[in-house]
Amino acid sequence: MKLYNIKENDQQVSFAQAVRQGLGRNQGLFFPSELPSFEDVDALLAEDFVTRSTKILSALIGDELSEETVNAIVDAAFQFPAPIKPVTGNIYALELFHGPTLAFKDFGGRFMAQSLAVVSDGGKITILTATSGDTGAAVAHAFYGMEDINVVILYPKGKISPLQEKLFCTLGNNIHTVAIDGDFDACQALVKQAFDDPKLRGDIGLNSANSINISRLMAQVCYYFEAAAQMSKEQRNNLVISVPSGNFGNLTAGLLAKALGLPIKRFIAATNVNDTVPRYLDSGNWEPKPTIATTSNAMDVSQPNNWPRIEELCRIKEWGLETLGKGAVTDEQSAQSVQVLFDMGYLCEPHGAIAYRVLDEQLKEGETGLFLCTAHPAKFKEVVDDILDSNIDLPGPLAKHAAMDLLSEDLANDFELLKEVLYRVQG
């Protein structure tokens, strides 16, 4: 299957090229030229997670990779579950934090790493990515120790949780972490500048592991099917899914799952006060504001990279954007929701609590609600402990890295300085 550049439709690439390049010309995102549709979704949902995911991803990739190759990639990448947990009545939580870095990004990061190992042409690769928290850890651990691949991760200095920082800034080896003096949007802008520099791209074999890389999005499609597989047919036929949204890759993957035939009634885009998309859906005007730091820092994004893919998919499927639910939640409201969930017996962190709050407000009688829990509560220990007056235990991976020294270097928000780092890393 070919993928095309949303900005310049004449640029068409293979899956291998899309994985290796990350971005197309003019910073364009790649999108599948065809969307397969599964007729017998019930039979697909009866399969186990790895078998089902292999079929979904093989259909998306096409005959470029054999099903046996895709199965090997999936089997190596998806070595942990994505369980749903009942929270109250007709509302469930989809827990996506059971991977090695305790966040949903493990699915996409590990699938991309395994895919890149298969399609790499043997040259050296430098992966440059920006993170607002969880992407950094997932990418770092997925690529750690891989031969001929250097990873450079930019993150906003002082604007991610200390434990998030420890999880990916203590590895060393082929993982290089840079604390940028700016917000996540500034980090993201530096990544885009790097991709707009043809000489730099060629010199260091530049690639990105952000959700701009189509392989990560494809992987995320699979856990929406896994969630539905754990429900009765009646529940999944009236399913409303609330997605905590920052860069909007997660919601894009969910809409792709719906396009493939998963019977999701509707989606809700739940944001914090960085509410560019909810305001756009209300007014039709795209008006990003300066990014505001919140306790749900992984969603502190004012210019979400993946939104063009959502508009493209809705155009293709003739889905009106008005069918998307939306809601923006303040820090105070998210803290209240963390407490409400805890009082019901469910421990959650601010991102999942935001998705729960908007879902609870908008769910109708007879519908089944599902909200995505994108990170383990302990990754936001300081915030959650403060809200609940508690002392959350650190799971193994966090306890190990919390005791290690940070290896990051600080850098001004300056593209020329970043170029120096990238050339130095490649050697």
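The values are calculated or read from the model by the stated rules, or taken from the named source; none is laboratory data. Values in this document were obtained by computation on a predicted structure and should not be read as measured data. Glycine gets a Cβ as well: all are built from the backbone with ideal geometry, and neighbour counts include every protein chain shown. For the accessible areas, the whole protein counts, side chains as well, though only heavy atoms, and no ligand, DNA or RNA atoms are used. Shrake-Rupley method; radii C 1.70, N 1.55, O 1.52, S 1.80 Å.
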* For Ser232 and Ala293, compute 0.36 nm times the residue count separating them, minus their Cα-Cα distance, and round to one decimal in nm. => 18.0 nm
* Which ³J(HN,Hα) values, rounded to whole Hz and listed in residue order, are derived for region 297-310 from phi using the Karplus coefficients 6.51, -1.76 and 1.60 in 6.51 cos²θ - 1.76 cosθ + 1.60 with θ = phi - 60°, glycine and proline given as x? -> 5, 5, 10, 7, 9, 9, 10, x, 5, 8, 4, x, 5, 5
* **Nitroxide proxy distance, nm - points 7 Å out along Cα→Cβ at Ala402 and His98** => 2.3 nm
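For a test of the definition: using alpha carbon positions, the gyration tensor, and the 1.5 limit on a/c, classify region 133-222 as rounded, prolate or oblate. Intermediate results must be reported in sequence, preceding the final value.
Numbers: a/c = 1.28, a/b = 1.14, b/c = 1.12.
Rounded, since a/c falls under 1.5.
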* To do: Using a 10 angstrom cutoff on alpha carbons, build the Gaussian network for the chain and name the most mobile of Asn297, Asn238, Asn274.
  => Asn238
* To do: Can you spot the lysines whose alpha carbon is less than 25 Å from Lys400's alpha carbon? Ignore those fewer than 8 places along the same chain.
  => Lys105, Lys157, Lys159, Lys166, Lys379, Lys381
* Counting only C-alpha contacts under 8 Å and six or more residues apart, can you give the relative contact order of region 24-172 as a whole percent? => 15 percent
* How many angstrom lie between the C-alpha centres of region 325-385 and region 51-78? -> 33 Å
* **Cα-based reach from Lys124 at 18 Å (exclusive), listing lysines while leaving out same-chain residues under 8 positions away** => Lys199, Lys419
* Asked: Can you tell which of Asn237, Gln27, Phe342 lies farthest toward the positive end of the dipole of the chain, using +1 and -1 charges on the Cβ of basic and acidic side chains (Lys, Arg; Asp, Glu)?
  -> Gln27
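Counting helices only, and only those DSSP H runs with n ≥ 4, report the 222 nm mean residue ellipticity of the chain as the sum of -39,500 (n - 2.57) divided by its residues, in deg cm²/dmol to the nearest 500. Please report the intermediate quantities before stating the final value.
Details: 19 runs with 190 residues, N = 427.
That calculation yields -13000 deg cm²/dmol at 222 nm.
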* Of the residues Pro304, Pro86, Pro278, which exhibits the maximal mean-square fluctuation in a Gaussian network model of the chain defined by a 10 Å Cα contact cut-off? -> Pro86
* Go through (1) 20.0, 60; (2) 21.1, 63; (3) 28.2, 92 and flag the label whose value is the computed Rg and Dmax of the Cα atoms in Å for this structure. => (1)
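Could you compute the net charge surrounding Ala189? Neighbours are other residues with a C-beta less than 11 Å from the C-beta of Ala189; K and R count +1, D and E count -1.
Numbers: positive: Lys192; negative: Asp183, Asp185, Asp196.
My count for the surroundings of Ala189 gives -2.
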* Compute the distance in nm between two label points, each set 7 Å from the Cα along the Cα-to-Cβ direction, one at Glu361 and one at Arg25. => 4.4 nm
* Structure fact -> Taking r as the C-beta separation of Asp10 and Lys199 and R0 as 25 Å, the FRET efficiency to the nearest 0.05 is 0.60
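With a 1.4 Å probe and all protein chains in place, put Asp42, Asp121 in order of accessible area, largest first.
Working: Asp42 60, Asp121 120 Å².
Output order, biggest surface exposure first: Asp121, Asp42.
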* Asked: Residues with beta-carbon under 11 Å from that of Leu255, excluding Leu255: net charge, scoring Lys, Arg +1 and Asp, Glu -1?
  -> +2
* Give the accessible area for Thr330 in Å² (nearest 10); use a 1.4 Å probe, count only protein heavy atoms, and leave out ligands, DNA and RNA. => 60 Å²
* Asked: How large is ³J(HN,Hα) for each residue in region 321-327, as worked out from phi by the Karplus curve 6.51 cos²θ - 1.76 cosθ + 1.60 (θ = phi - 60°), to whole Hz, x for Gly and Pro?
  -> 4, 5, 6, 7, x, 7, x
* Accessible area in square angstrom per residue, the chain, 1.4 angstrom probe -> 37 Å²
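Run the numbers on the chain and let me know its relative contact order in percent, using alpha-carbon pairs under 8 Å that are six or more apart. Don't jump to the answer; show the numbers that get you there.
Working: 843 pairs, mean separation 83.9, N = 427.
That works out to 20 percent.
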* Asked: Hey, got the Cα dimensions of region 91-247 along the principal axes, in Å, largest first?
  -> 54, 37, 28
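Under 1.5 on a/c is rounded, so check that first for region 242-394, then, if it is not, pick prolate when a/b is larger than b/c and oblate when it is not; a ≥ b ≥ c are the square roots of the alpha carbon gyration tensor eigenvalues. Kindly include the intermediate steps, with their values, before the conclusion.
Working: a/c = 2.05, a/b = 1.50, b/c = 1.37.
Prolate, because a/c is 1.5 or more and a/b exceeds b/c.
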* For region 343-356, what does the Karplus curve 6.51 cos²θ - 1.76 cosθ + 1.60, with θ = phi - 60°, yield as ³J(HN,Hα) per residue in whole Hz, taken in order and with x for Gly and Pro? -> 5, 8, x, 10, 8, 9, 10, x, 5, x, 5, 5, 4, 5
* Asked: How big is the accessible area of Arg266 in square angstrom, nearest 10, if you roll a 1.4 angstrom probe over the protein chains?
  -> 40 Å²
* Lys and Arg at +1, Asp and Glu at -1: add these up for the other residues within a Cβ distance under 13 Å of Asn210 and post the number. => +2
